[in-house]
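A.B. asks: Sending over a structure as structure tokens; questions will come in a sec.
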Amino acid sequence: MASFVRFTLDGKTCLAEEGAQLVAAAREAGVFIPTLCNYPGIPPKGACRICTVLVNGIPQTACTTKVAEDMNVATSTPELEAFRKSVVEILFAEGNHLCPSCERSGNCELQALAYRYRVTVSSFPYLFPKRDVEAWHPKLVKDHNRCIQCKRCIRGIHNAEGHAIFAFGKRGDKVVINIDPDTSKDIDDELAQRAMDICPVGAILRKGKGFDVPIGRRTYDRAPIGSEVRP
Amino acid sequence: MPAIAQTVKQVVARYGGDATRLMDVLIDVQDELGCLSHVTAARIADVLGIPQVDVEQTTSFYHFFAREPRGKFAVYLNDSVVAEFCGRAEVAQAFEEAAGCKFGEVSADGVVGLFHTACIGMSDQEPAALVNGQVFPKLTPEKARELVAGMRAGRTVEELKGDQYGDGQNAHPEVRALVHNHVRRRGVMVFDHYRPGEALAKVVKMSSGEVIAAVKAASVRGRGGAGFPTGMKWDFARRAAGDVKYVFCNADEGEPGTFKDRVILTERPQMVIEGMAIAAFAVGARRGVLYVRHEYLYLRAYLEHVLADLRAQGLLGTAIGGLAGFDFDVSLQFGGGAYVCGEESALIESAEGKRGEPRDRPPFPVEKGYLQKPTVVNNVETLCSAVQVLLKGPEWYNRLGTEKSKGTKVLCVSGDCDRPGIYEVEWGFSVNDILKEAGARDVQAVQVGGPSGACIGPDEFNRVLAYEDLATGGSFIVVGKHRDLLKDVVLNFARFFREESCGSCVPCRALTGMAQVVLERIVAGKGTAEDVERLRAWQKIMRNNRCGLGQTALNPIVTTIQNFRPLYAARLAPGDPRFVPSFDLAAAIRDYDAAVGKG
């Protein structure tokens, strides 16, 4: 039997199951907290930091925070919104994100958040890193130019034996996501599709499937990100 | 490759085929094979039954694990700020000329490999290098040439070292290091008279609650820098559910300019381990792990020897101090070269064989730590304090220091001064006091607490070292007036943080690199006032990183903007601020010019 706890969300008293993830509980309560590295059903890893909120006045990532009795949460101060916009801008300047030529345009969470925060140009120095496109895999293409290192693929995609297919390599600004040649060898179309879907951007693509849904009819072409959450 | 297969099989068996012992496996395999190639990684993965990407996730994270052969002699020359002060550039050049290769390469004959490395904990005897794990301090260009000639003449590392060993236990038969302790001021906590087992003899007559009460009464706080109350930490772990608990000692001092753990582990390892046993008694742990940074691998045999000795004395193992049921033992865990592993949850990840990425908290290690069990992680010096508190009582301890900072602090003084080394002082000494004792004159700045601390100027030298004023983990770098503070110090630290970020949090991963880009621009005289403001503003973004490294990574820049603003102002590009002085028009159109046959 789950027990319910009372907590305050932007001044409003709400009820949630004890231990519920704050992102999900807020969504239930009609408050959208933007996320990038979070994905329902896989363990959270506060990596992108965009879901940072104030929990009892202290900045904390909402994806890794569990709701507790009397918790006081502020999700949308001007500082937090400015921080979120910065995260989006940093990601655009850190990698090579060229939306018009990207298979993921319209389904991309990073692009959708850029629209949400009205990013026209990044105010951070563009690094234009030299990164590879890996196309050796029979089913997948990994375009490192677009990767935002959110680790959703690492945490969410495993083979039938439960072994990892994706893993980090290196550290710092050289971090890359590698595909295991062995555990990824026999993945079926369904798992390949899951890998593509779990990627928030266009860094993991199924070969030959990038344009199955035409641009203009994609998720965020129809409605902006977060608009499905209504108070 | 039968050699690879054979070695991997043997080493993995040595660690029980346990994938959480991956760090040990990698260190030993690399020691035998010279590097960890793709083929070797695949083999290790196969034998451990884990994916190759997981093995390489760990190998590629740590600085000292190499994918390519590093030469018969792998020379890692420290490139920290203090090393540069001491003439590192000339030594590096001598190495390159003698070896006939650049840093990052191996000489054509495969004998010498040259590599840069971050602070190796020898700031009081720089320039220093690690050669196949052995320390060569106080290098000169002549010495570098001599070393390379010796390597080519077929000498072993032992032969290269010679027999002019350092002072104290550096000359112990199990150490035989050229390293010096340079203990300039002996305090009452760490470097006073000490006999192993005295504190434990008292402890076994107490209850765990009494031990914790004593540590709490003495208000011992963590000496790693953060200053968390030790008694409280122990109490949390004691109350945490679970019958298996661990005590970790954090000897992964990676903050540039810090070397106290090295000296304490050389001179007082028994005290550190006794502190671990006391912590184990207090929280109910049966296993301890002493996590030592990779740079101190030269102490491995010695520390194993000390552990065996303590077991023989009944101070480790079963029925410690004759008390039935008080069973506790300690094993060594070496790192692979990563500053971030000094953060306690990253250290635990590393000890579990993973990349050293800090964990999300809560849960804290005292609830879910090593292998998800309650784990106490204490700094080397903190454990020494605990030993003395149990031995001499909280009242004695509380008489030392200031109102809010009790006890002593071991400082590591380095840089532009006559007497660099270890100073154990009571909390409450001022920066001026230390400078005077260390023989520092014409001081431009002091970096207190290492790069993650603060860089202060003479108008603040009357401030005192204490948790309530200038908190420090121990690093104390003196910068003379003749130094170019921005170029020689701040830029070096910026590069350090860029290389040491684990890469998980977006702001830390990206802004450490971007800050370096902007700072280089300013140092080159092409920055603008807007660039300086931008760096300041980024600090706010960095505050939302997960761990202390990310939160403080811009401190060297931001504290110098705050305290040495004129140095920045003097370097800004002249001219119309509406233009971007760093934009090089000629370079930008060079390709075009070449393509159309101009220029």
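A.B. asks: How many residues does region B:302-342 contain that are assigned to a loop (DSSP other than H, G, I, E, B) and farther than 17 Å from residue B:58 by Cα? Working first, answer last.
C.D. replies: At the first step, the residues of region B:302-342 found to be assigned to a loop (DSSP other than H, G, I, E, B) are B:313-316, B:318-319, B:323-327, B:335-338.
Applying the additional criterion that residues be farther than 17 Å from residue B:58 by Cα yields B:313-316, B:318-319, B:323-327.
Summing the residues that are assigned to a loop (DSSP other than H, G, I, E, B) and farther than 17 Å from residue B:58 by Cα in region B:302-342 gives 11.
A.B. asks: Hey, residue B:205 hits all of (1) part of a loop (DSSP other than H, G, I, E, B); (2) touching a residue at least 12 places away in the same chain (Cβ under 8 Å); (3) of a type in the set (Lys, Arg) but one; which does it fall short on?
C.D. replies: Every condition holds for residue B:205 apart from (2).
A.B. asks: Among the residues of region A:197-231, which ones are assigned by TED's automatic domain parsing to the domain that holds residue A:136 and part of a helix (DSSP H, G or I)?
C.D. replies: The answer is A:197, A:198.
A.B. asks: Sticking with this structure for a sec: It is to be established whether one or more residues within region B:586-596 are under 17 Å from residue B:518 (Cβ atoms) and of a type outside the set (Phe, Trp, Tyr).
C.D. replies: No, that holds for no residue.
A.B. asks: Which numbered condition trips up residue A:84, out of (1) surrounded by 13 or more Cβ atoms within 10 Å (Cβ to Cβ); (2) assigned to a loop (DSSP other than H, G, I, E, B)?
C.D. replies: (2)
A.B. asks: Residue pairs, Cβ under 6 Å, 6 or more apart or interchain, first in region B:555-566 and at positive phi, second modelled with pLDDT under 95 and among the charged types (D, E, K, R). List them.
C.D. replies: none
A.B. asks: Mind checking which helices (runs of 4 or more DSSP H) fall wholly inside region B:1-104 and carry at least 1 residues that are away from chain A (no Cβ under 14 Å)? Outline the logic, then answer.
C.D. replies: Numbers: elements: B:2-14, B:22-33, B:38-48, B:52-59, B:81-85, B:88-99.
Ranges flagged: B:2-14, B:22-33, B:38-48, B:81-85, B:88-99.
A.B. asks: Taking the conditions exactly as written (acidic (Asp, Glu), surrounded by 21 or more Cβ atoms within 10 Å (Cβ to Cβ) and either under 23 Å from the mean Cα position of the chain (by Cα) or within 14 Å of chain A (Cβ to nearest Cβ) (or both)), does residue B:124 satisfy them or not?
C.D. replies: Values: acidic (Asp, Glu): yes; surrounded by 21 or more Cβ atoms within 10 Å (Cβ to Cβ): yes; either under 23 Å from the mean Cα position of the chain (by Cα) or within 14 Å of chain A (Cβ to nearest Cβ) (or both): yes.
Yes, satisfied.
A.B. asks: Let me confirm something: among B:401, B:428, B:407, which residue is within 24 Å of the chain's Cα centre (by Cα) and of a type in the set (Gly, Ala, Ser)?
C.D. replies: The unique qualifying residue is B:407.
A.B. asks: Just name the residue that is nearest to the other protein chains (Cβ to nearest Cβ) out of those in region B:536-569 that are assigned to a loop (DSSP other than H, G, I, E, B) and within 18 Å of residue B:489 (Cα to Cα). Let's see the steps before the verdict.
C.D. replies: Step one: of region B:536-569, the residues assigned to a loop (DSSP other than H, G, I, E, B) are B:543-547, B:553-554, B:564.
If we keep only those that are within 18 Å of residue B:489 (Cα to Cα) too, we end up with B:553-554, B:564.
Working: B:553: 10, B:554: 14, B:564: 23 Å.
Per the criteria, the residue is B:553.
A.B. asks: Look through B:540, B:526, B:598 and report the one residue that is under 30 Å from residue B:362 (Cβ atoms) and not assigned by TED's automatic domain parsing to the domain that holds residue B:452.
C.D. replies: Result of the check over B:540, B:526, B:598: B:540.
A.B. asks: Quick check on region B:60-75: of everything there that is out of contact with any strand residue (DSSP E or B) (no Cβ under 7 Å at 6 or more places or on another chain) and in contact (Cβ under 8 Å) with a residue 40 or more places away in the chain, which residue is surrounded by the most Cβ atoms within 10 Å (Cβ to Cβ)?
C.D. replies: B:61
A.B. asks: Somewhere in region A:77-86, is a residue farther than 17 Å from residue A:8 by Cβ, facing chain B (nearest Cβ under 9 Å), in contact with a helix residue (DSSP H, G or I) (Cβ under 6 Å, 6 or more places away or on another chain) and of a type in the set (Ser, Thr, Tyr)?
C.D. replies: Looking through region A:77-86, at least one residue is farther than 17 Å from residue A:8 by Cβ, facing chain B (nearest Cβ under 9 Å), in contact with a helix residue (DSSP H, G or I) (Cβ under 6 Å, 6 or more places away or on another chain) and of a type in the set (Ser, Thr, Tyr).
A.B. asks: If I filter region A:148-170 down to residues being outside any loop (DSSP other than H, G, I, E, B), facing chain B (nearest Cβ under 8 Å) and among the hydrophobic types (A, V, I, L, M, F, W, C), which single residue comes out as surrounded by the fewest Cβ atoms within 10 Å (Cβ to Cβ)?
C.D. replies: A:164
A.B. asks: As an exercise: evaluate residue A:24 against (1) more than 11 Å from every other protein chain (Cβ to nearest Cβ); (2) within 16 Å of the chain's Cα centre (by Cα); (3) assigned to a loop (DSSP other than H, G, I, E, B); (4) surrounded by 13 or more Cβ atoms within 10 Å (Cβ to Cβ) and give the number of the one condition it does not meet.
C.D. replies: If we test residue A:24 against (1) more than 11 Å from every other protein chain (Cβ to nearest Cβ); (2) within 16 Å of the chain's Cα centre (by Cα); (3) assigned to a loop (DSSP other than H, G, I, E, B); (4) surrounded by 13 or more Cβ atoms within 10 Å (Cβ to Cβ), just (3) comes out false.
A.B. asks: Quick test for you: out of B:371, B:435, pick the one residue that is in a helix (DSSP H, G or I), hydrophobic (A, V, I, L, M, F, W, C), crowded, with 19+ Cβ neighbours inside 10 Å and in contact with a strand residue (DSSP E or B) (Cβ under 9 Å, 6 or more places away or on another chain).
C.D. replies: Numbers: B:371 fails: crowded, with 19+ Cβ neighbours inside 10 Å.
Answer to the check: B:435.
The values are calculated or read from the model by the stated rules, or taken from the named source; none is laboratory data. Fair warning: this is a prediction, and the values are worked out from it, not measured in the lab. Cβ coordinates were reconstructed from backbone atoms using ideal geometry, including for glycine residues, and neighbour counts include every protein chain displayed.
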